[in-house]
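First comes the structure, then the notes that go with it.
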Amino acid sequence: MASLRFGMEIEIMKLSLKKIAVALTLAGACAGANATTTLLGPVAIGTPTPFNGTVFTPGPFLDIFTFSLPANGGSGYSVLNFPLSIPTLGTFNTVFSTLTLVSNPDGIVGTPDDSILSSAVSAGSDQLSLSFGPTGAGSMYISVAGVANGTLGAGIYSGAISVAAIPEPGTWAMLGLGVGMMGFALRRKMR
């Protein structure tokens, strides 16, 4: 019994340390980089929610996009560099290092209740994507981190959040019943 309690205490400590690490990482990234937070609002099932970011200072950036997910949705997230060249002036370019999906129950970014759900990491890619789900309804955010390295010291990117409906258990039961009835009908017909 004591070893079970000790194991549970270690797991609780790991979770607490993980939350602290997330908060410190976000705080440190915001302090040392260009950072913005954008509210996207509720995301609807079947309708992609686009977003974009513009970085006007060279170097690292961290952009956060807050939104709420509906229940029973598997979700996908993607970001893509939008390279732009302006003749005789210069270029805009962005490379990504991470795309992270974070559960945010209280709706306030960077608090200890934030929990990383999924993350895509790259060593300097011009696109990143990840998927997660199904989830319950709730407040979430994605963080996009990278470097603006165009000759103009700026970068532009775009992204999208997509949510697909996950059938309810009753829907699966009706599908199974329908297939069973078709099998029974075919069996009767073949006799």
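Bear in mind that the values in this text are calculations on the coordinates, not laboratory data. Computed from a predicted structure; not experimentally measured. As a convention, Cβ positions derive from the backbone with ideal geometry for all residues, glycine included, and neighbour counts pool all protein chains shown.
In nm, to one decimal, how far is the Ser85 label point from the Phe56 one, both placed 7 Å along Cα→Cβ?
2.5 nm
List every residue whose amide H lies under 5 Å from the amide H of Leu117, counting only residues 5 or more places away in sequence or on a different chain, with H placed 1.01 Å from N in the peptide plane.
Leu101, Val102, Ser103
Give me the one-decimal nm value for the distance between modelled label points at Thr37 and Asp113, 7 Å along each residue's Cα-to-Cβ direction.
The answer from the label model is 1.4 nm.
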